[in-house]
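Okay, structure first, notes after.
The values are calculated or read from the model by the stated rules, or taken from the named source; none is laboratory data. What you see is a predicted model, and the numbers here were worked out from it, not measured in a lab. Heads up, the Cβs are rebuilt from the backbone with ideal geometry, glycines too, and the neighbour counts pull from every protein chain shown.
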């Protein structure tokens, strides 16, 4: 895909469940109990069990890869975590939605600014990806 400056990218929505957190903990080795124990999460002042920050970031990266058509065009990617993502103990869990705006684009690269929302709360700041333009011939 070739991006154009000012382009608004379609919303990408991901459901996150407690089972996803367990799988992510196993894959990442991050078994911090705030990601699986309600009691521990509440005892440290969290609203309940929360998603791993890096899992949230990975979902933002997945949204960028979908917009770009492939992940191998993403050459730089970063976020700042500003709010936890609570994941209730339900079959539905919680929804994370990602939208994007192309801030700049030239023949080589596009800069995408990402907005990440959990409900009405913004959960990431300074979320940006630099994507190599794929020029079709």
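Just checking, does segment 7-27 include any residue being surrounded by fewer than 18 Cβ atoms within 10 Å (Cβ to Cβ) and modelled with pLDDT under 95?
No; the residues of segment 7-27 include none that is surrounded by fewer than 18 Cβ atoms within 10 Å (Cβ to Cβ) and modelled with pLDDT under 95.
If you scan segment 86-107, which residues turn out to be touching a strand residue (DSSP E or B) at 6+ places or on another chain (Cβ under 7 Å), surrounded by fewer than 18 Cβ atoms within 10 Å (Cβ to Cβ) and not in a strand (DSSP E or B)?
88, 92
Considering only segment 118-127, how many residues are surrounded by 17 or more Cβ atoms within 10 Å (Cβ to Cβ) and part of a strand (DSSP E or B)?
3
Does residue 92 count as more than 17 Å from residue 17 (Cβ to Cβ) and at pLDDT 95 or above?
Criteria not met by residue 92.
Which residues, counting only those in segment 16-74, are more than 17 Å from residue 130 (Cβ to Cβ), in a loop (DSSP other than H, G, I, E, B) and touching a residue at least 60 places away in the same chain (Cβ under 8 Å)?
17
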